[in-house]
Ligand SMILES: [Fe+2]
């Protein structure tokens, strides 16, 4: 099958979408002319380079001409504004074009393994283990009043042995670590029948099988071209080819979080809708569209409204409407409210907050812009000169009912909690002065590094102090937004000496949206900056006491009066955690009646574990360390799911 035949088939099969058909035909025309030239040029360049022939001006000119012809992709992407993100490419066209486009990709693109340094060894993916495995080694004792249920964590576990970069005549592009396919790791806490309170602990892992996971798995080789980071033309071409080959712009990775709603369980990454999971087998049951009402991106951190149990979600979209918000009934069966918030830019927003009466919306200047990409800029960019604001909206409000509060530009990935306190709405979050997605320009500028080297580098000791200063931007931050006077008060309640960077916050979930006293955060040890970018390692956990002042106050510390008490639970040397959560005691009374539970990995012994730490006796040794039967790579968010009818 050649391109002419494909075009004929297109004309016969693509109906009711003339603009798209026209654009696709244009692009195929361009490819049919340009790809043989590209291959020829590629051969010529390699020959010239081999001979160290410096006279390659003609080749350069030819190459530029070639790329001009391929410039026809620009109107296609521009016209995409008129189409939904998921383009329903007709079945016949898919079948006919896939082989042709596969040949084009095989011909023009090379997938290259992204290397991991020895210190990144536990970021490497693992295989599925199959059936559940009983855990036999537990140091210490799981408490009798620990709840029965599943501690489950999601994370990036790239298919085909690891993340890939792509190289082509268009340039280089890379997947970020956050783009690996989602794998769930679950630890089941059950009691043995007839044996009183004896615990039976089981472990299992399994991939989340999204639509695109199945596409690649069936092909038995990488298919999606990386388009999050890299040379602008390469990112543009990769995006376009993903669309043509698979009908979508990017992979659905479902690797970020796990949540329960209406007694059903879901895996989620915010670039797609959630996948329902069988919590016992970890099998993927299908996409959750809320009965067809939500067919788009879905935040990885949906929030239940206090008292009503309704679920607040949002979806971001690189094309209008840029941000939509939804409220799902407590039983999960229907979308009771859906609204376009009328944003004039697409922001990479990871979190949403709720209080008793309001929804908290973060509009910060980390933007996704296809037009910027087309003219040679970044797809994702943090712009400190753009505006930042926090919006407070009634639960069933709309764009007109949001009260906006302007704040100093910054970047927030995770909210700790939001609540109402008299006339104020309080928003506590992990605030950064810059974004680490994509990998920050200032690191490249200040260290003279290329993107190639960022994947491989380790920082020498001389750099640590400088990096410590640069990277100390993750603060716990508190904004108080006065709904009557519109005043904004902001403070950093923890520490000014940046001993630790705090992120991945968790609280007792009974207090989501309500005034609370405690939060727990994973700690990036400032002495372990090795390969920080995209590969953060967490060497401990902090417990913040928002209503207690710290005891030791430095004379030099200007914020001494505002600083709160912080306790630290530091892991043994070369032991790091991920997916830490707070598990409530079954009949707990106090907010901190419960345990911190976390997947950990000891890099000295290459052994993965789960720690159980008493939240009230936080700085003491763990009360139990569960030794896992196989390695669990570092990952993202965890959750504890109580058993309902299992
Ligand atoms: Fe997150």
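Can you tell me how many residues within the range 222-268 are in a loop (DSSP other than H, G, I, E, B) and more than 21 Å from residue 187 (Cβ to Cβ)?
16
Being assigned to a strand (DSSP E or B) and in contact (Cβ under 8 Å) with a residue 60 or more places away in the chain is the filter here, so list the residues in the range 269-284 that pass it.
Those that are assigned to a strand (DSSP E or B) and in contact (Cβ under 8 Å) with a residue 60 or more places away in the chain: 275, 277, 284.
Looking only at the range 370-385, which residues are part of a loop (DSSP other than H, G, I, E, B) and under 23 Å from residue 404 (Cα atoms)?
383, 384, 385
Given the conditions (1) surrounded by fewer than 19 Cβ atoms within 10 Å (Cβ to Cβ); (2) farther than 29 Å from residue 335 by Cα; (3) modelled with pLDDT of 85 or more; (4) in contact with a strand residue (DSSP E or B) (Cβ under 8 Å, 6 or more places away or on another chain), which single one is not true for residue 431?
(1)
Sort out which residues of the range 234-247 are buried (at least 20 other Cβ atoms within 10 Å of the Cβ) and either under 15 Å from residue 108 (Cα atoms) or at pLDDT below 80 (or both), and write them in order of number.
If the condition is that a residue be buried (at least 20 other Cβ atoms within 10 Å of the Cβ) and either under 15 Å from residue 108 (Cα atoms) or at pLDDT below 80 (or both), then 234, 235, 236, 237, 238, 239, 240, 241, 242, 244, 245 are the ones that fit.
Tally time: how many residues in the range 162-177 are closer than 12 Å to residue 233 by Cα and touching a strand residue (DSSP E or B) at 6+ places or on another chain (Cβ under 8 Å)?
5
Examine the range 118-135 for a residue that is assigned to a strand (DSSP E or B), buried (at least 16 other Cβ atoms within 10 Å of the Cβ) and at pLDDT 85 or above, and state whether such a residue exists.
Looking for residues that are assigned to a strand (DSSP E or B), buried (at least 16 other Cβ atoms within 10 Å of the Cβ) and at pLDDT 85 or above, one finds none in the range 118-135, hence no.
Exactly one condition in (1) under 18 Å from the mean Cα position of the chain (by Cα); (2) at positive phi is not met by residue 178; state its number.
Condition not satisfied by residue 178: (2).
With 326, 315 as the choices, which residue is at negative phi, within 16 Å of the ligand (Cβ to nearest atom) and not in a loop (DSSP other than H, G, I, E, B)?
Only one candidate passes the filter, namely 315.
Hey, any hits in the range 574-587 for a residue that's under 16 Å from residue 140 (Cα atoms), surrounded by 15 or more Cβ atoms within 10 Å (Cβ to Cβ) and in contact (Cβ under 8 Å) with a residue 60 or more places away in the chain?
no
Against the definition (away from the ligand (no atom under 16 Å from the Cβ) and either in contact with a strand residue (DSSP E or B) (Cβ under 7 Å, 6 or more places away or on another chain) or modelled with pLDDT of 95 or more (or both)), how does residue 611 come out, yes or no?
Yes: the conditions hold for residue 611.
Residues to consider are 247, 292; find the one that is over 25 Å from residue 175 (Cα atoms), more than 18 Å from the chain's Cα centre (by Cα) and more than 16 Å from the ligand (Cβ to nearest atom).
Every option except 292 fails the conditions.
Scanning the range 250-269 for residues that are away from the ligand (no atom under 15 Å from the Cβ) and in contact with a strand residue (DSSP E or B) (Cβ under 7 Å, 6 or more places away or on another chain), which turns out farthest from residue 299 (Cα to Cα)?
Across the range 250-269, the extreme among qualifying residues is 264.
Output the residue which, of all residues in the range 607-620 that are in a loop (DSSP other than H, G, I, E, B) and touching a residue at least 60 places away in the same chain (Cβ under 8 Å), is surrounded by the fewest Cβ atoms within 10 Å (Cβ to Cβ).
That would be 618.
Residues are listed down the side, and each one gets a yes or a no for (1) more than 30 Å from residue 585 (Cα to Cα); (2) buried (at least 16 other Cβ atoms within 10 Å of the Cβ); (3) modelled with pLDDT under 95:
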position	(1), (2), (3)
137	no, no, yes
170	yes, yes, yes
183	no, yes, no
212	yes, yes, yes
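Considering only the range 161-181, state which residues are within 26 Å of residue 579 (Cβ to Cβ) and touching a helix residue (DSSP H, G or I) at 6+ places or on another chain (Cβ under 8 Å).
Selection gives 163, 174, 177, 181.
I want to confirm something. Restricting to the range 402-417 and keeping residues that are within 14 Å of the ligand (Cβ to nearest atom) and closer than 22 Å to residue 356 by Cβ, which single residue is surrounded by the fewest Cβ atoms within 10 Å (Cβ to Cβ)?
Step by step, filter the range 402-417, then rank; the result is 414.
Return yes when residue 310 is buried (at least 18 other Cβ atoms within 10 Å of the Cβ), in contact (Cβ under 8 Å) with a residue 60 or more places away in the chain and within 16 Å of the ligand (Cβ to nearest atom) and no when it is not.
So residue 310 fails the test.
Just to be sure before I move on: is residue 272 within 16 Å of the ligand (Cβ to nearest atom) and closer than 25 Å to residue 365 by Cβ in the structure I sent?
Considered against the rule, which asks whether it is within 16 Å of the ligand (Cβ to nearest atom) and closer than 25 Å to residue 365 by Cβ, residue 272 comes out as yes.
Within the range 621-646, which residues are assigned to a loop (DSSP other than H, G, I, E, B), away from the ligand (no atom under 16 Å from the Cβ) and closer than 19 Å to residue 504 by Cα?
Selection gives 632, 633.
Name every residue in the range 329-348 that is part of a strand (DSSP E or B) and either under 20 Å from the mean Cα position of the chain (by Cα) or within 16 Å of the ligand (Cβ to nearest atom) (or both), in order of residue number.
Correct list: 347 only.
Please give the number of the condition residue 429 fails out of (1) outside any strand (DSSP E or B); (2) within 16 Å of the ligand (Cβ to nearest atom).
(1) is the only condition that residue 429 fails.
The values are calculated or read from the model by the stated rules, or taken from the named source; none is laboratory data. Note that the structure is a prediction, hence the values are computed from the model and not measured. Please note: Cβ atoms are built from the backbone with ideal geometry, for glycine as well, and neighbour counts cover all protein chains shown.
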